[in-house]
Amino acid sequence: MSILKKSLTVLTLATLFSSSLVFAKDVTVQAEGTKFDPLIVNVDPGDTVYWTNMDIHNVHFMFQPDGAKDFKSEIGQNTSREFTKEGIYVYQCDPHIGLGMGGAVVVGKPSNLDTLKSTKLHGGLGMIAHKVIKAESK
């Protein structure tokens, strides 16, 4: 392979790799009283979600795509997670789910929407799931 072809190959690979880093975005969800704002965030694979103002709250994923890694943050700690697997992630604040405190992250295509529709989630978590189903079924 000529030096020119090798150089073009390396340049092409470097461009592809760096462009995926450039397009990854950060999204912030803020705890406000007993709710998360925004309630539902839509991100692409590779994006990172940050949860802030978490003085007496945590993030605990209760529903997520098959094969996704479980996630539960410590109470009182701001936290973040980079999402790589497409699908819907529904989470709660453990101390305040009775007050409806939770939210959802939709990563890319909602590949597990039908599973969410058939899953029986109750109380505050069920309310959040219903809002996600309604938003993603449009």
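Quick notes on this one:
- Positive-end extreme of charge dipole, the stretch 24-136 - chosen from Ile56, His96, Ala129 (charges on Cβ): Ala129
- Neighbour net charge for Val43 - beta-carbon separation under 14 angstrom, K R +1, D E -1: -2
- Peptides 54-66, 120-132, ordered by how many other C-beta atoms sit within 10 Å of their residues on average, highest first, read 54-66, 120-132.
- Point-to-point label distance, His122-Thr34, nm (Cα→Cβ direction, 7 Å offset): 1.9
- Projected label distance in nm at Lys69 and Asn42, using a 7 Å step from Cα toward the beta-carbon: 2.7
- Relative contact order [Cα under 8 Å, 6+ residues apart], the stretch 65-138, whole percent: 29
- Exposure proxy for Ser111, Ser73: other Cβ atoms within 10 Å of each Cβ, ordered fewest to most, give Ser111, Ser73.
- For the stretch 132-138, 3J(HN,Hα) computed residue by residue from phi via the Karplus equation (6.51, -1.76, 1.60; θ = phi - 60°) reads 5, 4, 4, 5, 8, 8, 6 Hz, glycine and proline entered as x.
- The lysines whose alpha-carbon is closer than 19 Å to the alpha-carbon of Lys109, local same-chain residues fewer than 8 away aside, are Lys25, Lys69, Lys85, Lys117, Lys131, Lys134, Lys138.
- Loop-located GluC sites (Glu not before Pro) in the stretch 73-110 (DSSP state other than H, G, I, E, B) with a sparse environment of at most 12 neighbouring Cβ atoms within 10 Å: Glu74.
Every number here is computed from the coordinates shown, using simple stated rules; none is lab data. Keep in mind it's a predicted model, so treat the numbers as computed, not measured. All Cβ positions, glycine included, derive from the backbone under ideal geometry; neighbour counts span all protein chains shown.
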